[in-house]
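The values are calculated or read from the model by the stated rules, or taken from the named source; none is laboratory data. It should be emphasised that the depicted structure is a prediction, and the values quoted were computed from it without experimental measurement. Virtual Cβ from ideal backbone geometry, glycine too; neighbours counted across all protein chains shown. To get the accessible areas, we keep the full protein, side chains included, count just its heavy atoms, and leave off ligands, DNA and RNA. Shrake-Rupley method; radii C 1.70, N 1.55, O 1.52, S 1.80 Å.
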Amino acid sequence: MTVDEAVNGAAALARLRQADTERPHAVVFDMQLPDMDGLELARAITADPALDGIPLIVLAPGGSLKLDPAVGGAGITACLASQYAGWSLKGED
């Protein structure tokens, strides 16, 4: 499995759009990004025909988006509870 990271939503979109290899199997992102919220990022991903259909997994405090109707409209596949700050999927701090 290959994991790639971006520092904010705009950087994530740029990396997804410039991917010259396979589409990612999923995109995991936090609800609270420095430049946009997770719903904005999800809507931008699903609005791009080249990216639409990629499973989107958002991390939210306590999984709070599970009951929010905006989640389904944004194309989010799953919402997981986020209780940690400053961690990395690559295992680096």
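Odds and ends about this structure:
- Summed over the range 26-36, residues that are open to solvent by 100 Å² or more (accessible area, probe 1.4 Å) and in contact with a strand residue (DSSP E or B) (Cβ under 9 Å, 6 or more places away or on another chain) total 1.
- Count of the range 3-25 residues which are loosely packed, with under 11 Cβ neighbours inside 10 Å and under 20 Å from A78 (Cα atoms): 2
- Tally, over the range 11-35, of residues that are of a type outside the set (D, E) and more than 11 Å from the chain's Cα centre (by Cα): 11
- Of all residue pairs spaced 6 or more apart or on separate chains, those with beta-carbon atoms under 9 Å, a first member in the range 53-74 that is farther than 12 Å from A42 by Cβ and at pLDDT 65 or above and a second member that is of a type in the set (K, R) and open to solvent by 20 Å² or more (accessible area, probe 1.4 Å) are G53/R23.
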